[in-house]
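S.K.: Input: one structure, supplied below.
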Amino acid sequence: MKKTNNILVDICWTLFSSNTTFDFLDFIIQNQHYSRIRKFYSSWFGRRFNLLIYKLFHYDCQRTQCLRFLRGFTHQQLHTLAEQFYTEYLLPRRIQPVWKLLDGKDVILVSGTLDIIAQTVASHIGAKAYYASELLYNDDICIGKYHDFLLTKRNLLHLYSDFQIITDNITDIDLIRHAQHATIITYNNTKHWEALLSANQSITFIHGTQSRY
């Protein structure tokens, strides 16, 4: 089978050693209340509480609460800040083995990150398209709410029938199983991946050098 030129690529912990949504918020928000929320959800209890609520109700408490701090920013302000974030924070954290795989491919960014970040990354790497979580605005002013792309990511199977994929997300397993080839970035969880994948799938593993857990 001839390999397709379309390649679906995750952003967080795949293109960059970063959770780009929260690293972006940390980059631009200087607020004690925000810092307390982040500290809580970084704790053992906070992480497990957030995971439980998300599994039960598909509601991300941490993202919902933290994104409220974007309320009042204009779209242009966020675009400017995303450019600065890309240049100063993300570029030094590129995962080089992944970037080498993008040459000559029609890159389609597929990520739960904020669309303002995905758009910025897409413009710099010349991506064919991007899909991400959509920040909501009223008269060009961010209202601190969003549409979570993670809940609809599987719908991409209706848009792309032939594709390769690069990701670190186990939640992308449906896309991986339909891909012609998958490159998976692992973070001390290779055995878990191997248990999920069939023996006849075309898979390449890249081992992440930084801990994300």
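S.K.: Considering only DSSP beta bridges with both partners in the chain, what is the antiparallel share in %, to the nearest 5?
M.R.: Among the beta bridges of the chain, antiparallel pairing accounts for roughly 20 percent.
S.K.: Using a 1.4 Å probe and counting only protein heavy atoms, arrange K55, K153 so the residue with the most accessible area comes first.
M.R.: I get K55, K153, largest accessible area first.
S.K.: Under the definition of Cα pairs under 8 Å and six or more residues apart, what whole-number percent is the relative contact order of the range 139-202?
M.R.: That works out to 27 percent.
S.K.: Ordering W44, W193, W13 by how much accessible area each has at a 1.4 Å probe, largest first, what is the list?
M.R.: W44, W13, W193
S.K.: So, taking all protein chains as they sit and a 1.4 Å probe, how much accessible area belongs to D10, in Å² rounded to tens?
M.R.: My reading of the accessible area for D10 is about 10 Å².
S.K.: Quick one: ranking Y89, Y41 by accessible area, 1.4 Å probe, largest first, what do you get?
M.R.: The most accessible residue leads, giving Y89, Y41.
S.K.: Based on the Cβ-Cβ distance from Y89 to A199, what FRET efficiency comes out when R0 is 30 Å, to the nearest 0.05?
M.R.: 0.15
S.K.: From Cα pairs below 8 angstrom and at least 6 apart in sequence, can you work out the relative contact order of the chain, rounded to a whole percent?
M.R.: In percent, rounded to a whole number, it is 25.
S.K.: How large is the accessible surface of H192 in square angstrom, using a 1.4 angstrom probe and rounding to the nearest 10?
M.R.: Per-residue accessible area (H192): approximately 100 Å².
S.K.: Roughly how far apart, in whole Å, are the Cα centres of the range 29-89 and the range 128-198?
M.R.: Centre-to-centre distance over Cα atoms comes out at 19 Å.
S.K.: Okay, moving on. Can you give me the solvent accessible area of Y146 with a 1.4 Å probe, rounded to the nearest 10 Å²?
M.R.: 40
S.K.: What are the DSSP H helices in the chain that stretch 18 Å or more along their long axis, judged by alpha-carbon atoms, and whose average Kyte-Doolittle hydropathy comes to at least -1.0?
M.R.: Qualifying helices, which must be both long enough and hydrophobic enough, are 44-57.
S.K.: Pulled fully out, how much extra length does the chain show between Y59 and L101, if you take 0.36 nm times their separation in residues and subtract their Cα-Cα distance?
M.R.: Using 0.36 nm per residue and subtracting the Cα-Cα distance, I get 11.7 nm.
S.K.: Which residue, L56, L175, L151, tops the fluctuation ranking in a GNM of the chain built on C-alpha contacts under 10 Å?
M.R.: Result: L56 has the largest fluctuation of those listed.
S.K.: Give me the percent relative contact order of the range 88-209, please, defined on Cα pairs under 8 angstrom at least 6 residues apart.
M.R.: With pairs under 8 Å counted, the relative contact order is 16 percent.
The values are calculated or read from the model by the stated rules, or taken from the named source; none is laboratory data. These figures come from a predicted structure and were not determined experimentally. Every residue, glycine as well, gets a Cβ built from its backbone with ideal geometry; the counts of neighbours run over all protein chains shown. The area values use the complete protein model at the heavy-atom level, side chains included, leaving out ligands, DNA and RNA. Shrake-Rupley method; radii C 1.70, N 1.55, O 1.52, S 1.80 Å.
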